[in-house]
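Asks: First the structure, which I've put down as C-alpha cells, then a few questions once you've had a look.
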Amino acid sequence: MNVNIFVFGRENYFETLLNDGEKGALGLQTSVIDGEKVIFKKKDNNLIYFLPYNLTKEAFFSYLEGQSDLNITIYINSGHLPNDTTWREKGSSESVKCLSTEKRDAIFRKMVMDPLIIIMTLEKTSLAGEGEGEIVGYAEWVEILKCNKAKFYNDSLNQITKNHSVRIAEITLDNYTVLFVKENDYENKGEQLLNNILINNKWKYIEPKYVAVHALKHYIKDISQFKNKVKYICDFHHYTEHESKIDYEFCQLLLEFLKYFENKQSAEAKNNCEEIIKKIEELSKKIVLERLTLLKHRIITLWLPLAIDIQGLSEVNEDNAQNYFEKIKEDNYLNEIKYSINKQIDELNEILNGKKKINKGEKEYLNTLIGEFNTKSEIKDLNQEYLNQGDDLFLPKWLERFA
C-alpha cells in the first residue's frame, strides 16, 4: 500500500479541503487523530492523507502502527512548514519531499481529482414571438442551467451566481469534474477559451482531460496544439440517430448524466461519466480518419497543376513539355511543393506507423482509404524517395514519365 502524506503549514487551503471532505466532495473523508481533524482518501492501492500543521509526526505514525507493507512518502510545503520539525526528517521507512506550493498542489491534485471532462456547446435564445429571450436548445446547456448543485463561472472564470453571464457550469462528483462550457462568441477562436480553462488553477492539475467540442471545426482551427494538453479531443453534433448514431448516443449520455446527478443517483451518474469518456475517445478517432482522407487528397492535389500541364504538352510536343519543365525548375513552385509534401508525408506516416491508437475496424477502414491512393508500402516508398533526393528538386516517379 502506498501512503502519501501531505503536511500543511499555516495556510487556508487545508480548511478548503476539510470543508470539501466534510461534504464528501472528490471522494474525500475526514477523521480525527490526536484531537486534530485530518482528511484522507483511498484510491486503488493508494492512501492519501492531508494533515494540519500542528499534528505531530509521532501521533500520526502511532495511528498507522500495525499496518504492514506501507510505502510512505511525505510532502511538505517549503513555504509553509508544519510546527513539528521532525516531519522534515527522513526516517527508516519513509521518504520526505520538500516542495513549493505549486509543485505540491500539482501532485495531490493528480492523486485526488480525476478525470476532467469538458463539454463545449452552444446556447441559443428563442426568436421574437416565440418566448423571446428564453434559453432554448442545445438541450445539455438548457439542463445544466437548471441544475441547483452546479457551480457557475463568468468569462473571467470567477465563480458567480447563476445569471445570463454564465460561461461555465461545473459539476463535481467524487473523482469526476465535468465542465459545460458555452462556446457562444468564440467562433474561430475557441482555442483561446479552451486554453484559458486548461491553464486555470481550478482545473489545470486535474488529469486526465477529455474534451468534446460541438462543431469543432467552426470553433477550433488547430487542434494539434492540444496534443499534449488533453488525452482526447473530439467533435460532436446534435444529429438524429438516423443521421449519426454515435453523435446521437453521445448527446443522450450528456442528458442522462445531468438527470442522474440532479436526482442524486450518484452511482448511475459516475457510470455515465465513464460512458461519456469512452464516447469521447471513440469520436476522437473520427478526426484521425478525416485527417487521413484530407492528407491523401492534399498529396495528390499538390502535383495536379504541374501534372496536367506537362501531360497536355507531352501529347502535342515532347520538346515543349521539356522546355516547360525547365522553366518550372527555375521558379519557386517545386520548392514550395517540396516543403508542403514533406509536411504532408510526415503527418501521413505518423498515422500509418501506429502513433495514433485505432481499433481493428478503423484499421480496416484506414486500409481502404490508403488503397484508394496507394498501398501503405508505396506511400513509405514515396517518403523514402523524397528523402533520398536531398536538396535536389523532388518529383515522384509517376510524374517523371511526363517530365
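Derivation of every value follows stated rules applied to the coordinates shown; laboratory data play no part. Since this is a predicted model, take the numbers as computed values, not measurements. Note that we place each Cβ from the backbone using ideal geometry, even for glycine, and neighbour counts take in every protein chain shown.
Asks: Looking at this model, which pairs from K229/K279; K182/K217; K124/K189 are more than 22 angstrom apart at the alpha-carbon?
Replies: Too far apart for the 22 Å limit: no listed pair.
Asks: Using modelled amide H (1.01 Å from N, peptide plane; none on Pro or chain starts), what sits under 5 Å from the amide H of V3, excluding residues fewer than 5 places away?
Replies: Amide H to amide H, under 5 Å and 5 or more residues apart or across chains, V3 pairs with L47, N71, I72, T73.
Asks: So which of K41/K245; K103/K264; K146/K270; K97/K270 end up more than 31 Å apart by C-alpha?
Replies: Violating the 31 Å Cα-Cα cut-off are K41/K245; K103/K264; K97/K270.
Asks: Sticking with this one: For a quick check of your reading of the filter: which trypsin sites (Lys or Arg not before Pro) in region 212-273 sit in a DSSP loop and have no more than 11 other Cβ atoms within 10 Å?
Replies: In loop regions of region 212-273 (DSSP not H, G, I, E or B), the sparsely surrounded trypsin sites (Lys or Arg not before Pro) are K227, K264.
Asks: If you don't mind, another one. Given 0.36 nm per residue, what is the gain on full extension from T240 to N163 after removing their alpha carbon distance, in nm?
Replies: Stretched out fully, the T240 to N163 stretch lengthens by 24.7 nm.
Asks: Next question, about the same structure. Quick check of the Kirkwood formula: for region 2-112, what is the inverse mean of 1/r over all pairs of different Cα atoms, in Å?
Replies: Averaging 1/r across every pair of different Cα atoms and inverting gives 14.0 Å.
Asks: On to the next question. Restricting to bridges with both residues inside region 116-264, how much of the DSSP beta-bridge set is antiparallel, in percent to the nearest 5?
Replies: On the way: 13 of 29 bridges.
Percentage antiparallel, nearest 5: 45.
Asks: Then there is this: Can you run phi through the Karplus equation (6.51, -1.76, 1.60; θ = phi - 60°) for region 92-100 and list ³J(HN,Hα) in whole Hz, with x for Gly and Pro?
Replies: Values, residue by residue: 6, 10, 8, 10, 10, 10, 9, 10, 5 Hz.
Asks: Scan region 209-263 for GluC sites (Glu not before Pro) in coil per DSSP, keeping those whose Cβ has at most 13 other Cβ atoms within 10 Å, and list them by number.
Replies: E241, E243
Asks: Rounded if a/c is under 1.5, else prolate if a/b is larger than b/c, else oblate: which is region 176-218, with a ≥ b ≥ c the root eigenvalues of its Cα gyration tensor? Let's see the in-between values first.
Replies: Details: a/c = 2.25, a/b = 1.70, b/c = 1.32.
The shape class here is prolate.
Asks: Let me ask you something else. Classify region 116-264 from the C-alpha gyration tensor, please: rounded if a/c falls under 1.5, else prolate or oblate depending on whether a/b exceeds b/c.
Replies: In terms of gyration-tensor shape, rounded.
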